[in-house]
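Report on one structure; see the data block that follows.
Nothing in this text is a laboratory measurement; each read-out follows from the coordinates by a stated rule. All values reported here derive from a predicted model rather than from experimental measurement. Backbone-built Cβ (ideal geometry, glycine too); neighbour counts: all protein chains shown.
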Amino acid sequence: MTRITILAIVMLFFGFGQALAVLPEEQLSDPILEQRAREVSKNLRCVVCQNQSIDDSNAELAADMRKLVRARIVAGDSNEQVTQYIVDRYGSFVLLRPPLKRSTFALWFGPLGFVLVGGLVFWQNAKRTHSKSSQSPKTKIEKNPQIDEIMKNFRK
């Protein structure tokens, strides 16, 4: 394969996957309104994919959310009003950057809590393992005559 063919394949898989998320029939005819819809959509999380914006997601629910955003923009809502409408409908989780408030505390500090609990469990386990290995054995190892006999035969 030539380098151009490999480059074309890479561009096909990585370059166009996100471009196909917003279908042509979803796009608004007015480029200014479409740009506003794209700006709003890039800040909203796909509740199916959870790591993509609705602008990048191919999920059906993301397509429905994109249509809803465009409908609200065509109705005359500002970007903030559209975002607030979606948040009222789906909750703060739908924001890619949720505000720090009491209801989003778990979103912001939950991962840190998991890391701390995991570190504590790891530390306790390491401490327990270290204390067991550092103790001298309390029982005396007795010689087994059968094993000695087998070893003598093995060495011959």
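Here the range 31-156 was treated as a single set of alpha-carbon atoms; its pair distances binned every 5 Å from 0 give 2, 9, 13, 12, 9, 7, 5, 5, 5, 4, 4, 3, 4, 4, 5, 3, 3, 2, 1, 0 percent. Take the Cβ-Cβ distance between V117 and Q84 as r, set R0 to 30 Å, and report the resulting FRET efficiency rounded to the nearest 0.05. Calculated transfer efficiency: 0.30. Ordering V74, V47 by the number of other Cβ atoms within 10 Å of each residue's own Cβ, fewest first, gives V74, V47.
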